[in-house]
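Following: one structure in structure tokens, then a few remarks.
The values are calculated or read from the model by the stated rules, or taken from the named source; none is laboratory data. Everything quoted here is computed from the prediction, not taken from an experiment. Cβ placement follows ideal geometry from the backbone for every residue including glycine, while neighbour counts extend to all protein chains displayed. These area figures cover heavy atoms from the full protein model, side chains too; ligands, DNA and RNA do not enter into them. Shrake-Rupley method; radii C 1.70, N 1.55, O 1.52, S 1.80 Å.
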Amino acid sequence: MDQTQFVRKIIDFQKSSFDNSFEAMKTIQEQTEKTTDALLSQTSWIPEDGRKVLSQWYDAYKKGADDFKKIVDDNFQKVEDYFSTPKKGKK
């Protein structure tokens, strides 16, 4: 196995690890949001403004996580493209 193939396998492993970890984190966040919403729906002492703040917080977190995932995916693609492009002077 040449170095390029070895590096590609490492990159694939790292991307797979990142994707799996990100999905696990996303699932935990979604479950936490559902649990919090269920709890809030049963409590009357939390004002509506407090509920709105939590909703905005969830939305900001989701947007930040999606932006982060896109940046990481774009950079993984750049690395994959770099190692898939034949280098000049190499056979």
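State yes or no: is Ser21 at pLDDT 95 or above and either among the polar types (S, T, N, Q) or open to solvent by less than 70 Å² (accessible area, probe 1.4 Å) (or both)? So Ser21 passes the test.
Every residue, every condition in (1) assigned to a helix (DSSP H, G or I); (2) within 30 Å of Asp2 (Cβ to Cβ), yes or no:
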| site | (1), (2) |
| --- | --- |
| Phe13 | yes, yes |
| Phe18 | yes, yes |
| Ala24 | yes, no |
| Glu30 | yes, no |
| Ile46 | no, no |
| Gly50 | yes, no |
| Asp73 | yes, yes |
| Lys78 | yes, yes |
| Asp81 | yes, yes |
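If the condition is being of a type in the set (Gly, Ala, Ser) and either in contact (Cβ under 8 Å) with a residue 24 or more places away in the chain or farther than 30 Å from Ser84 by Cα (or both), then region 1-60 contributes Ala38, Ser41, Ser44, Gly50, Ser55, Ala60.
Checking each residue in region 25-39 for being closer than 21 Å to Lys70 by Cβ and open to solvent by 50 Å² or more (accessible area, probe 1.4 Å) picks out Met25, Lys26, Thr27, Ile28, Glu30. If you go through region 40-52 and keep only what is surrounded by fewer than 11 Cβ atoms within 10 Å (Cβ to Cβ) and either among the hydrophobic types (A, V, I, L, M, F, W, C) or over 27 Å from the mean Cα position of the chain (by Cα) (or both), you end up with Ser41, Gln42, Thr43, Ser44, Trp45, Pro47, Glu48, Asp49.
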